[in-house]
Amino acid sequence: MEFNEYQQAANRTLYGNEQVLTNCALGLAGESGQLIDLVKDYTFKGKDLDRQKLITEMGDVLWYLSQIAQWADIPFDEVAKDNIDTLNRRYPNGFTPNA
């Protein structure tokens, strides 16, 4: 699935038109926290890392990111491409601890 295709499909589940940016930013923070909790429980509490829960939480983060971009009229493909361009500039030979 292409990012722009995902963005459009995800947008059909966005509710409301007032304070959408604030709602999505707060939702992103909440979902990121849930993802972080999974990693924290795995790292520090010895819990198994549930792959399906990880996928679900990453999907929730992706949804909020896509809707923030939608609100700002930014194609999600552009977000992804810009990020790769930035990584390529910062780390032209790939990441190394000394980079």
message: Let me understand the chain better: what is its radius of gyration from the alpha carbons, and its Dmax, in angstrom?
response: 16.0, 46
statement: Farthest towards the positive end of the dipole of the chain, among TYR15, PHE95, GLN34 and with Cβ unit charges of +1 on Lys and Arg and -1 on Asp and Glu, lies the Cα of PHE95
query: Which aspartates and glutamates have a Cα lying under 17 Å from the Cα of LYS47, excluding residues fewer than 8 positions away in the same chain?
result: ASP37, GLU57
query: Hey, can you rank 5-17, 42-54 by average C-beta count inside 10 Å, highest first?
result: 5-17, 42-54
Sequence-distant lysines (8 or more away, or on other chains) whose Cα lies within less than 24 Å of LYS53: LYS40, LYS45
- prompt: Could you give the length gained on full extension between ASP41 and ALA72, defined as 0.36 nm per residue of separation minus the Cα-Cα distance, in nm?
  reply: 7.7 nm
query: When the helices in the chain are scored as -39500 (n - 2.57) per DSSP H run of 4 or longer and the sum is shared across all residues, what 222 nm value do you end up with, to the nearest 500 deg cm²/dmol?
result: -24000 deg cm²/dmol
message: Report the gain in length on full extension from TYR15 to ASP48: 0.36 nm times residue separation, minus Cα-Cα distance, nm rounded to one decimal.
response: 8.4 nm
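Taken together, the values in this text are just the output of simple stated rules run on the coordinates, not laboratory data. Source: prediction; values computed, not measured. Cβ coordinates were reconstructed from backbone atoms using ideal geometry, including for glycine residues, and neighbour counts include every protein chain displayed.
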